[in-house]
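Notes for the one structure printed next.
The values are calculated or read from the model by the stated rules, or taken from the named source; none is laboratory data. For clarity, every value in this text was computed on a predicted model and none was experimentally measured. As a convention, Cβ positions derive from the backbone with ideal geometry for all residues, glycine included, and neighbour counts pool all protein chains shown. Please note that ligands, DNA and RNA were not included when accessible areas were found on the heavy atoms of the full protein model with its side chains. Shrake-Rupley method; radii C 1.70, N 1.55, O 1.52, S 1.80 Å.
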Amino acid sequence: MTDFDTPINRFGTHSVKWDSMEGYYGVPAKDGIAMWVADMDFRPPVAVQRALEGMLAHGVYGYYGDEGPYLDAIRWWMKTRHGWEVERSHIFTTHGLVNGTSMCVDAFTQPGDHVVLTTPVYHAFARVIKAAGRGVTECPLATVNGRYEMDFATWDGMLTGHETMMILCSPHNPGGRVWTPEELRGVAEFCKRHNLLLVSDEIHHDLVMPGQTHTVMANAAPEIADRLVMMTATTKTFNIAGAHSGNVIIADETLRKRFADRMMAMGISPNSFGLFMAEAAYSPEGAAWVDELTAYLDGNRKIFDAGINAIPGLRSMPLEATYLAWVDFAGTGMTAAEFTARVEKGAKIAANHGDSFGLGGETFLRFNLATPRSVVVEAVARLQKAFSDLQ
């Protein structure tokens, strides 16, 4: 059994999550809790450690070649874990999926085009879209019975005709939704109606809670293969984000050539450390580790939700996937500055500010639960104390 309970001191290790917490949020390193950026406070599977140790023992760090075993590891994982058949030739390796997103924007849109985002959603999407000189069309998710749902009827009336791409976050970050096959087919139909290329970011697809099933967009709507780009990665699943490795997977030959041409023009080639780690992670040993991880995260989720939902005015959205709790403070009647100050100054917890995720996130904070259970318990106690006057 993997030990997820023993705390690992990450201060002084160039960890953005812990070493940058005070600079970004004013939460002191001495006794603060970092629950913001989406990486885990857990070591990856032993198989990944062994792969790196093998590299170190060899001691020569040259260019990576013979990608066959790496590509086959990806194909094996997608087939056995997601029922998705992927061809070797369809796989591109990027420097993580933020880079993959920017590459898609660069390859498939033109300056002045707009990209559809279903907000609130992962903040890096809008950042790279705007930096590339494209516009963002925010289509807000509907909240129904406390969870997010697609609102295609409203979205149909919001598009201006300048949109050429949609980026889907599946499973959804920060709301934690696992989209149903019916919802995914709705997205496919929406993209066909508005002639949008669809980029499906599925980086959290392995991190689903027990009882939930993620459906790969390529399987949900195979008829849109000519307008579909898939993105996956080992980095979130196995906590190896520092490897900056991700995969853009494109079945359509025309789209694939456009992407390959941009990769060539920008001189992008993969980091060998990331490829060694990915091949080791996408294995039976890695699969067993993920099963233990998701069970542990589910336990953390239950403790956090029970504690947060006991505070009047606070509500944690039901988490179906990811390890990121999305907490709504609207019921407190406080401004964002007021409830954020209680979290950062009172509870000394760094959490992502909801407004950074776009329309609909203004009354929320996002909390990272991928940490030892004792830390989650402590965080809940601090939050209950910070809002004790409401109880």
Query - Condition broken by CYS191, with the remaining ones in (1) open to solvent by 10 Å² or more (accessible area, probe 1.4 Å); (2) in contact with a Lys or Arg (Cβ under 7 Å, 6 or more places away or on another chain) satisfied - result: (1)
Requested in this report: Quick one: which strands (runs of 3 or more DSSP E) lie wholly within the range 126-184 and hold at least 2 residues that are in contact (Cβ under 8 Å) with a residue 40 or more places away in the chain?
Outcome: 135-140, 147-149, 163-169
Report summary line: For the range 237-268 the number of residues that are under 28 Å from THR164 (Cα atoms) and in contact (Cβ under 8 Å) with a residue 40 or more places away in the chain is 18
Report summary line: By residue number, the members of the range 117-154 that are touching a helix residue (DSSP H, G or I) at 6+ places or on another chain (Cβ under 7 Å) and among the hydrophobic types (A, V, I, L, M, F, W, C) are LEU117, VAL121, ALA124, PHE125, VAL128, ILE129, ALA132, VAL136, CYS139, MET150, PHE152
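Output yes when any residue across the range 170-183 is touching a Cys at 6+ places or on another chain (Cβ under 8 Å), more than 22 Å from ILE249 (Cα to Cα) and modelled with pLDDT of 95 or more, and no when none is. Reasoning before the result, please.
As a first pass, look at the range 170-183 and keep what is touching a Cys at 6+ places or on another chain (Cβ under 8 Å): none.
Checked against the condition, which is being touching a Cys at 6+ places or on another chain (Cβ under 8 Å), more than 22 Å from ILE249 (Cα to Cα) and modelled with pLDDT of 95 or more, the range 170-183 yields no hits at all.
State whether the residues of the range 217-232 include one that is in a loop (DSSP other than H, G, I, E, B) and either within 28 Å of GLY299 (Cα to Cα) or open to solvent by 10 Å² or more (accessible area, probe 1.4 Å) (or both).
Within the range 217-232, not a single residue is in a loop (DSSP other than H, G, I, E, B) and either within 28 Å of GLY299 (Cα to Cα) or open to solvent by 10 Å² or more (accessible area, probe 1.4 Å) (or both).
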Query raised in the report: Does the range 332-341 contain any residue that is under 28 Å from SER170 (Cα atoms), hydrophobic (A, V, I, L, M, F, W, C), open to solvent by less than 10 Å² (accessible area, probe 1.4 Å) and touching a residue at least 24 places away in the same chain (Cβ under 8 Å)?
Result: no
Report summary line: Checked the range 332-354 for anything over 17 Å from LYS385 (Cα atoms), in contact with a Ser or Thr (Cβ under 9 Å, 6 or more places away or on another chain) and assigned to a helix (DSSP H, G or I); matches are ALA336, GLY354
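On the given criteria, is PRO45 in contact with a Gly (Cβ under 6 Å, 6 or more places away or on another chain) and at pLDDT 95 or above?
Working: in contact with a Gly (Cβ under 6 Å, 6 or more places away or on another chain): yes; at pLDDT 95 or above: yes.
It is true that PRO45 is in contact with a Gly (Cβ under 6 Å, 6 or more places away or on another chain) and at pLDDT 95 or above.
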Report task. Please determine, by comparing only the residues of the range 71-97 that are open to solvent by 50 Å² or more (accessible area, probe 1.4 Å) and assigned to a helix (DSSP H, G or I), which one is farthest from TRP289 (Cα to Cα). Result -> SER89
Report summary line: From the option list ARG366, ARG382, single residue qualifying as in contact with a strand residue (DSSP E or B) (Cβ under 8 Å, 6 or more places away or on another chain) and open to solvent by less than 30 Å² (accessible area, probe 1.4 Å) is ARG366
Report task. Consider ALA131 carefully, then state whether it is surrounded by 16 or more Cβ atoms within 10 Å (Cβ to Cβ) and either modelled with pLDDT under 95 or under 24 Å from LEU324 (Cβ atoms) (or both). Result -> no
